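Q: This is the structure I want to talk about, given as structure tokens.
The values are calculated or read from the model by the stated rules, or taken from the named source; none is laboratory data. This is a predicted model, so every value here is computed, not measured. No Cβ is skipped: glycine too gets one built from the backbone with ideal geometry, and neighbour counts run over all protein chains shown. Side chains included, ligands, DNA and RNA excluded: accessible areas come from the protein's heavy atoms. Shrake-Rupley method; radii C 1.70, N 1.55, O 1.52, S 1.80 Å.
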Amino acid sequence: IAVALLNHFKKASAVVTDISEKAMGYAVYNLNRYGLIGRAKALISNGFSGLGTEACWDLIVSNPPYLSYGDWQQVEPELKYEPHEAFDGGPDGVLFYRQILESAGNHLKPKGWLVMEIGKGQAAIVKQLIQERDFDPTSCYRDYLGIERVIVAKKHG
């Protein structure tokens, strides 16, 4: 996601985080491949924990794990070879949305944007979580199968 955004927005910079060292290795490889490493800082971090309290942005984009325990049992066999933590969104699949929304407001400028990929059937609960925090849901975009897949929220401010 960061590679695509940095390619499109030529003056933007980014902080790219992941909890997985292996995933971060791929991210750094791709940033180098596209000549973007000078505009991105790569950090191993569990959510916002490794970023410090002063980190504040105009936009936060997240593709968190969003499968519930039940969904994980029904994934395609080839996905079972992937690390479980890349998909495990907790019992109801929205564990990480709660965590993101708990902290994102502290790391966004007033009227900043939060964009998150969501799982099938999660739009209503994620919109509710957004409204319970310091955000207004603004849009929800569907993927090519018609599934609500990306939700956009704006910080009050």
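Q: Determine the percent antiparallel among the DSSP beta bridges restricted to the chain, to the nearest 5.
A: Percent antiparallel among DSSP bridges in the chain is about 50.
Q: Probe radius 1.4 Å, ligands and nucleic acids ignored: give me the carbon and sulfur share of the accessible area of the chain as a rounded percent.
A: Answer for the chain: carbon and sulfur cover 53 percent of the accessible area.
Q: First select every other residue whose beta carbon is under 14 angstrom from the beta carbon of Lys11; then total the charges, Lys and Arg +1, Asp and Glu -1.
A: Here the count lands on +1.
Q: What spacing in nm lies between the two simple spin-label points modelled at Tyr144 and Ile19, each 7 Å away from Cα in the Cβ direction?
A: Each label point is offset 7 Å from its Cα along the Cβ direction, giving 3.0 nm.
Q: Same structure again: Just tell me which lysines come within less than 27 Å, Cα to Cα, of Lys155; anything on the same chain fewer than 8 places away is out.
A: Lys10, Lys11, Lys41, Lys109, Lys111, Lys120, Lys127
Q: Once a ≥ b ≥ c are taken as the square roots of the eigenvalues of the Cα gyration tensor of the chain, is the result rounded (a/c under 1.5), prolate (a/b larger than b/c) or oblate (a/b not larger than b/c)?
A: Because a/c hits 1.5 or more and a/b fails to exceed b/c, the chain counts as oblate.
Q: Here's something else I'd like to know. Counting only helical runs of four or more DSSP H residues, what would the 222 nm mean residue ellipticity of the chain come to if each run contributes -39,500 (n - 2.57) and the total is spread over all its residues?
A: -8000 deg cm²/dmol
Q: Can I ask one more? Compute the accessible area per residue over the chain, keeping the other protein chains in place, probe 1.4 Å, unit Å².
A: Accessible area per residue, the chain: 62 Å².
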